[in-house]
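To start, the structure under review is shown below, and the notes come after it.
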């Protein structure tokens with residue numbers, strides 16, 4: 001409305017307009033997200049402040065500690081945009097407050113990052129551990145603070161996955177106030193000091209707590225690896241046994257090398273190993289292990305190399321040997337004859353080795369009975385090997401379809417071969433010597449004594465009963481008659497009634 005304003009003593013009249021009160025101006029601010037990951041950029045926008053004025057912004061954590069302070073200038077409409085990098089280490093609601101320096105207008109908003117932490121201690125030093133050897137695991141616990149937002153899809157990562165392993169690496173969702181463990185194991189692959197930073201992260205943002213782990217290995221002791229193949233010359237298709245020996249040649253007290261050896265052959269593709277690696281075993285200052293190498297064509301030489309990797313307190317080394325490969329072996333065939341013998345006795349064994357239909361002489365044949373070695377024999381000019389007196393002591397009576405076995409191991413000229421046949425173990429003869437007696441007028445009785453037991457056995461192994469009979473009967477004459485002897489006798493007398501005395505008398509028979 002208009003009201004007159006009178007100014008006296010001036011000589012003119014000024015009229016001023018008094019404006020009605022304006023509606024209160026409301027300033028607002030907001031963040032682009034409600035949940036952030038530690039280290040994320042937070043964008044704050046505001047409206048309703050004075051035009052082109054400076055707005056001061058403060059961000060505080062739930063403990064009222066300022067985690068960010070900055071300023072922004074509004075545009076002609078009173079709006080602004082401001083960004084800062086979040087450093088969130090306390091769980092709960094974070095508050096952003098914006099105040100216009102000219103207008104005095106103020107507004108605030110809040111956001112809530114998950115509050116994950118790795119329970120103390122957040123650092124751990126593993127005990128000294130040898131290369132290639134796993135330590136005992138150390139457990140950490142991830143906790144989402146009570147009152148914080150739920151942490152989704154929590155994962156655990158390491159800056160050194162070679163020497164430190166984490167189980168599990170995915171912890172899933174962690175609710176408010178919940179704790180979930182994970183385990184770190186140290187298994188060094190090389191010598192020296194090792195360390196890693198373990199980081200926990202949630203898929204729906206929030207702080208990324210960390211833990212550190214460290215460890216050392218023993219000082220490395222030097223080694224020497226040597227290789228020997230037997231035979232050193234083998235035909236195509238015949239295996240040679242290659243043995244690696246790893247020795248501790250470091251100074252001071254020696255220790256036994258442990259770990260494994262890996263095998264290679266050069267040229268490649270001209271043979272195969274029975275296994276690509278073998279585990280060392282031994283004592284003192286050395287360990288060994290062996291594999292078989294079977295060459296294929298062509299003939300020539302192969303370089304067989306064994307490589308020992310760092311393990312425990314021993315550094316790696318390698319060694320090689322040369323295998324000469326000759327032409328293909330001559331195939332052989334072996335047959336073995338059936339065999340038999342008495343229980344507890346012996347059997348004679350025979351086998352025939354041939355090649356191309358002809359006997360092969362001078363070769364050693366190994367014999368077995370029911371899989372147990374009973375000795376070797378050498379083939380004669382006709383290829384026949386005979387082993388006499390093979391013991392049957394440990395084999396029960398019966399027929400064994402593959403009880404006799406014979407094998408030829410092969411050599412640099414002939415291939416290996418083997419055969420089986422039937423073994424029969426018969427019962428052993430047992431003799432019973434029987435004696436008997438009979439009292440005249442009575443029944444006969446008999447006693448048996450056994451002989452012929454084997455394998456240290458006696459009559460306790462005999463079961464059942466022995467049936468004995470005789471032609472004698474109760475009225476048969478006694479062999480030799482009766483023997484009669486006499487004995488003193490007395491006659492009983494009656495006392496005299498008149499005197500009361502008994503007369504003396506005697507009777508002899």
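The values are calculated or read from the model by the stated rules, or taken from the named source; none is laboratory data. Computed from a predicted model, the values in this text were never measured in an experiment. So basically every Cβ, Gly included, is an ideal-geometry build from the backbone, and we count neighbours across all protein chains shown.
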Which of the strands (runs of 3 or more DSSP E) contained wholly in the range 248-288 include at least 2 residues that are in the same structural domain as residue 322 (by TED's automatic domain parsing) and under 13 Å from residue 306 (Cβ atoms)?
260-266, 277-279
Tell me the residue from 134, 103 that is in a loop (DSSP other than H, G, I, E, B), in contact (Cβ under 8 Å) with a residue 12 or more places away in the chain and out of contact with any strand residue (DSSP E or B) (no Cβ under 8 Å at 6 or more places or on another chain), please.
103
Anything in the range 290-322 that is assigned to a strand (DSSP E or B) and over 16 Å from residue 266 (Cβ atoms)? List them, or say none.
290, 292, 308, 311, 312, 314, 317
Single unsatisfied condition, residue 177 versus (1) touching a strand residue (DSSP E or B) at 6+ places or on another chain (Cβ under 8 Å); (2) in a loop (DSSP other than H, G, I, E, B); (3) under 29 Å from residue 316 (Cα atoms):
(3)
Hey, can you tell me all the residues within the range 171-197 that are exposed (fewer than 15 other Cβ atoms within 10 Å of the Cβ) and over 13 Å from residue 150 (Cα atoms)?
181, 183, 189, 192, 193, 197
Residue count, the range 91-111 (criterion: surrounded by fewer than 20 Cβ atoms within 10 Å (Cβ to Cβ) and under 30 Å from residue 166 (Cα atoms))
1
The one condition residue 241 fails out of (1) over 26 Å from the mean Cα position of the chain (by Cα); (2) assigned to a strand (DSSP E or B); (3) surrounded by 15 or more Cβ atoms within 10 Å (Cβ to Cβ); (4) not assigned by TED's automatic domain parsing to the domain that holds residue 187 is (3)
Test of understanding: among 48, 78, which residue is out of contact with any helix residue (DSSP H, G or I) (no Cβ under 7 Å at 6 or more places or on another chain), in contact (Cβ under 8 Å) with a residue 24 or more places away in the chain, at positive phi and crowded, with 18+ Cβ neighbours inside 10 Å?
78
Would you mind stating whether residue 503 is at pLDDT 75 or above and either loosely packed, with under 13 Cβ neighbours inside 10 Å or touching a strand residue (DSSP E or B) at 6+ places or on another chain (Cβ under 9 Å) (or both)?
no
Do we find that residue 223 is within 30 Å of residue 291 (Cβ to Cβ), under 26 Å from the mean Cα position of the chain (by Cα) and surrounded by 19 or more Cβ atoms within 10 Å (Cβ to Cβ) in this structure?
no
Check the range 341-350 and report whether any residue there is over 30 Å from residue 454 (Cβ atoms), surrounded by 15 or more Cβ atoms within 10 Å (Cβ to Cβ), in contact with a strand residue (DSSP E or B) (Cβ under 7 Å, 6 or more places away or on another chain) and at pLDDT 95 or above.
no
Kindly list the number of the only condition in (1) closer than 18 Å to residue 36 by Cα; (2) in contact with a strand residue (DSSP E or B) (Cβ under 7 Å, 6 or more places away or on another chain); (3) outside any strand (DSSP E or B) that fails for residue 90.
(2)
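For (1) assigned by TED's automatic domain parsing to the domain that holds residue 256; (2) within 24 Å of residue 112 (Cα to Cα); (3) in contact (Cβ under 8 Å) with a residue 40 or more places away in the chain, each residue gets a yes or a no:
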{"position": "138", "(1), (2), (3)": "no, no, yes"}
{"position": "143", "(1), (2), (3)": "no, yes, no"}
{"position": "162", "(1), (2), (3)": "no, no, no"}
{"position": "178", "(1), (2), (3)": "no, yes, no"}
{"position": "182", "(1), (2), (3)": "no, no, yes"}
{"position": "187", "(1), (2), (3)": "no, no, yes"}
{"position": "197", "(1), (2), (3)": "no, no, no"}
{"position": "230", "(1), (2), (3)": "yes, no, no"}
Is it true that some residue in the range 441-463 is over 58 Å from the mean Cα position of the chain (by Cα), at negative phi, at pLDDT 65 or above and surrounded by fewer than 10 Cβ atoms within 10 Å (Cβ to Cβ)?
yes
